[in-house]
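Notes follow the structure.
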Amino acid sequence: MKTPLTFLLIFFFFLTIHHSKAQVTLSYHLSDLSFVGVNTMVGKRFMPELRLGVNQDVEDVDVELNVFYLFKRRPSLQWYGGAGIRRSDIFEGLAFPTGLNIYPFERKNFGFQMEVAGLYGSGRARLRGSVGIRYRFDKKDKKRE
């Protein structure tokens, strides 16, 4: 972790999760910049997500904090877009991801995701694509609305 700003981002994210009444979701995104994420719903449409890079030395872990807006929210599908900031040795700057979460099974806890994100910063631009899996931990064991 590189700066106090990184610690501050992580602190505020977990403070949001602590006060949230919604489910928490864990995800793994496979790409050339693979990462794990944890998010929660704030209200019915907003979803902050903290992402940490994987396959890296602990002191060089990439940190990304995004806030997503759910454009479409169905029991089996979420279409989202948002913006965030990224702290990394490789690429530091802004992130603008958009993607789909698909929950095809009767119990809507396990699903798949696909995402594309524009990364801007350090005088460069990059397009990152990822696919992965998601698991939602509900505070209430019931089917989604």
Hand me the chymotrypsin sites (Phe, Trp or Tyr not before Pro) from region 61-145 located in a DSSP loop with no more than 10 other Cβ atoms within 10 Å, in residue order please. Phe105
Spin-label model distance (nm) - Leu26 vs Val116, 7 Å beyond Cα toward Cβ: 3.1
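Whole number in Å², please: accessible area per residue of region 88-143, 1.4 Å probe, ligands, DNA and RNA not counted. Working shown, then result.
Details: 3300 Å² over 56 residues.
I get 59 Å² per residue for region 88-143.
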What ranking of Thr25, Thr98 comes out by heavy-atom accessible area, probe 1.4 Å, highest first? Thr98, Thr25
Could you work out what % of the accessible surface of region 33-97 is carbon and sulfur, using a 1.4 angstrom probe and leaving DNA, RNA and ligands out of the count? 62
With +1 on the Cβ of every Lys and Arg and -1 on the Cβ of every Asp and Glu, and nothing else charged, how large is the dipole of region 49-143 about its Cα centre, in debye rounded to the nearest 20? 820
Here, trypsin sites (Lys or Arg not before Pro) of region 59-97 satisfying both criteria (DSSP loop; at most 10 other Cβ within 10 Å) are none
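For region 89-131, which GluC sites (Glu not before Pro) are both in a DSSP coil and crowded by at most 14 other Cβ atoms within 10 Å?
On the way: sites: Glu92, Glu106, Glu115; in loops: Glu92, Glu106.
Taking region 89-131 and a limit of 14 other Cβ atoms within 10 Å, the loop GluC sites (Glu not before Pro) found are Glu106.
The values are calculated or read from the model by the stated rules, or taken from the named source; none is laboratory data. Everything numeric in this text was worked out from a predicted model, so none of it was measured. Using ideal geometry, Cβ is built from the backbone for each residue, glycine included, and neighbour counts are taken over all protein chains shown. All accessible areas refer to the heavy atoms of the entire protein, side chains included, with ligands and DNA or RNA removed. Shrake-Rupley method; radii C 1.70, N 1.55, O 1.52, S 1.80 Å.
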